[in-house]
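Working notes for the structure below.
Each reported figure results from applying straightforward, stated rules to the coordinates on display, with no laboratory input. All figures in this text were calculated on a predicted structure; none of them were measured in a lab. Using ideal geometry, Cβ is built from the backbone for each residue, glycine included, and neighbour counts are taken over all protein chains shown.
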Amino acid sequence: MNLVMLGAPGAGKGTQAKRLQDMRGLVQLSTGDMLRAAVAAGTKLGTQAGALMERGELVPDELVIGLISERMEEEPDGPGFILDGFPRTIGQAEALDELLKSRGEAVDRVLVIDVNDEALVGRITGRYTCATCGEGYHTLFKKPKVEGVCDRCGGTEFKRRKDDTEEVVRERLNAYHAQTKPLIGYYTAQGKVRTVDGMADIETVQKEIDLALDGA
Ligand code: AP5
Ligand code: MG
Ligand code: ZN
């Protein structure tokens, strides 16, 4: 099953994608994570993308389409992909359709995680991740079981994203409303959309997602 996770910045795409990866064996492809890896590695692509990301703007379609296409080529046939943060424009959605078609596959489901804009700012400014394994946490909503120690890998170093300031979050939200939200219509027309209430707690959202995927 190939699944697209759609939702504003901070809606919980990455949190739920990681759970689906662990529970269903699907492969999470996050363009945000790939771009941050390129920035950290100091590649030419990373330099180009990093400046745009710090301002909360989208990077050009060709660039992210290239990243996704390379990653998909590395993956043989499997249980499917969870696309987290891609596609974000109609151009990217059309490119994804072509990429999957060349594998004899298609987008099967689109999960829209619906959260109101004001809640998102609080979610993002409280977020941090394990520097070793990338597990995500939140100062209020998802603390490690033992303070200062990662539940998943035992790591003790954590980091925050550069684009997680309130000012940049507002820009990212603008980009979401202007460029990404139209994708809901694109996929609704294909009968693929299931919407879950992302305002509930993490466990409840996870249960709703399971119902949306396993139900009709
Ligand atoms: P990207 O990395 O994709 O960021 P984003 O879309 O802004 O989304 P986030 O990762 O911030 O949020 P999320 O939905 O994953 O939430 P999370 O699960 O972490 O993109 C970053 C940048 O890269 C873009 O701005 C752009 O420049 C560029 N880019 C990336 N892809 C691109 C593309 N395809 N095209 C062009 N440019 C691209 O949750 C947030 C926090 O809330 C966490 O702390 C979590 O613990 C907590 N939380 C999660 N769920 C809940 C809940 N139900 N209740 C309470 N807290 C919760
Ligand atoms: Mg994310
Ligand atoms: Zn860890």
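Rank the residues THR188, THR15 as a footprinting-exposure proxy: fewest other Cβ atoms within 10 Å of their Cβ go first.
Values: THR188 13, THR15 24.
Ordered from fewest to most neighbouring Cβ atoms within 10 Å, THR188, THR15 come out as THR188, THR15.
Please list the non-local residues whose amide H lies under 5 Å from the amide H of HIS138, H modeled 1.01 Å from N, same-chain partners needing a gap of 5 or more.
Here TYR128, LYS143 satisfy the definition.
Hey, rough spin-label estimate for THR195 and GLU157, points 7 angstrom out along Cα→Cβ, what's it come to in nanometres?
4.3
Hey, how many Å between the Cα centroid of region 139-193 and the Cα centroid of region 21-78?
15
Do any GluC sites (Glu not before Pro) in region 75-126 lie in a loop, going by DSSP, with at most 16 other beta-carbon atoms within 10 Å of their beta carbon, and if so which?
Values: sites: GLU94, GLU98, GLU105, GLU118; in loops: GLU105.
The qualifying sites are GLU105.
Say each of GLU57 and LYS101 gets a label point 7 Å from the Cα, pointing the same way as Cα to Cβ; how far apart are those two points in nm?
About 3.1 nm, to one decimal.
Using θ = phi - 60° and the Karplus form 6.51 cos²θ - 1.76 cosθ + 1.60, what ³J(HN,Hα) does each residue of region 35-49 get, whole Hz, x for Gly and Pro?
5, 5, 5, 5, 5, 5, 7, x, 6, 4, 4, x, 5, 5, 6
Quick check: residue separation of TYR186 and THR47 times 0.36 nm, minus the Cα distance between them. What number comes out in nm? Before the final figure, lay out the partial values.
Details: separation 139, 0.36 × 139 = 50.04 nm, distance 3.16 nm.
Here the answer is 46.9 nm.
Among ALA95, TYR137, VAL107, pick out the residue whose Cα is farthest towards the positive end of the charge dipole of region 73-165, where Lys and Arg carry +1 and Asp and Glu carry -1 on C-beta, about the Cα centre.
Of ALA95, TYR137, VAL107, it is TYR137.
Report ³J(HN,Hα) in whole Hz for each residue of region 191-200, in order, from the Karplus equation J = 6.51 cos²θ - 1.76 cosθ + 1.60 where θ = phi - 60°; Gly and Pro get x.
x, 9, 7, 10, 9, 10, 7, x, 7, 6
Between THR132 and HIS177, what is 0.36 nm times their sequence separation minus the Cα-Cα distance? Round to one decimal in nm.
On the way: separation 45, 0.36 × 45 = 16.20 nm, distance 3.27 nm.
That pair, THR132 and HIS177, stretches by 12.9 nm at full extension.
Extending each Cα 7 Å along its Cβ direction at ASP117 and GLU167, get the distance between those two points in nm, one decimal.
Distance between label points: 1.9 nm.
Relative contact order (percent) for region 39-148, with alpha-carbon contacts under 8 angstrom and 6 or more residues of separation? Show your work: numbers first, answer last.
Values: 45 pairs, mean separation 12.1, N = 110.
Across region 39-148, relative contact order equals 11 percent.
Given the options GLY56, THR195, GLY66, identify the residue whose Cα lies farthest towards the positive end of the charge dipole of the chain (+1 on Cβ of Lys, Arg; -1 on Cβ of Asp, Glu).
GLY56
Could you put ARG123, ARG170 in order, starting from the residue whose Cβ has the fewest other Cβ atoms within 10 Å? Walk me through the numbers before you get to the answer.
Working: ARG123 22, ARG170 14.
The fewest-first ordering by Cβ neighbours comes to ARG170, ARG123.
Taking amide H positions as placed 1.01 Å from N in the peptide plane, with prolines and chain starts having none, which residues 5 or more places from THR195, or on another chain, fall under 5 Å of its amide H?
Amide H to amide H, under 5 Å and 5 or more residues apart or across chains, THR195 pairs with VAL112.
Enumerate the aspartates and glutamates that LYS162 could reach by cross-link, defined here as Cα to Cα under 15 Å, with residues fewer than 8 away along the same chain left out.
Partners within reach: ASP33, GLU54, GLU57, GLU171.
Determine ³J(HN,Hα), in whole Hz, for all residues of region 75-85 in sequence, where each value follows from phi through the Karplus function 6.51 cos²θ - 1.76 cosθ + 1.60 and θ = phi - 60°; x replaces Gly and Pro.
Karplus-based 3J(HN,Hα) across region 75-85 equals 9, x, 4, x, x, x, 10, 10, 8, 10, x Hz.
Quick query: amide H of PHE158 versus all other amide H atoms, modeled in the peptide plane; which residues come in under 5 Å with a sequence gap of 5 or more or a different chain?
For PHE158, whose amide H was placed from the backbone, the distant partners under 5 Å are ALA131.
If a/c stays under 1.5 just call it rounded; otherwise compare a/b with b/c (prolate if a/b is bigger, oblate if not). Do that for region 94-216, with a ≥ b ≥ c from the square roots of the Cα gyration tensor eigenvalues. Show your work: numbers first, answer last.
Working: a/c = 1.81, a/b = 1.56, b/c = 1.16.
Verdict is prolate for region 94-216.
Wrap a convex hull around the Cα atoms of the chain, take a quarter of its surface area, and give that in square nanometres. If you can, show how the numbers build up before the last one.
Details: hull surface 46.1 nm².
That works out to 11.5 nm².
Gap in Å between the Cα centre of region 80-96 and the Cα centre of region 103-130?
Their Cα centres are 13 Å away from one another.
Arrange the following residues from fewest to most other Cβ atoms within 10 Å of their Cβ: SER69, SER102. Write out the running numbers ahead of the final one.
Numbers: SER69 14, SER102 11.
Ranking SER69, SER102 by Cβ neighbours within 10 Å, fewest first, gives SER102, SER69.
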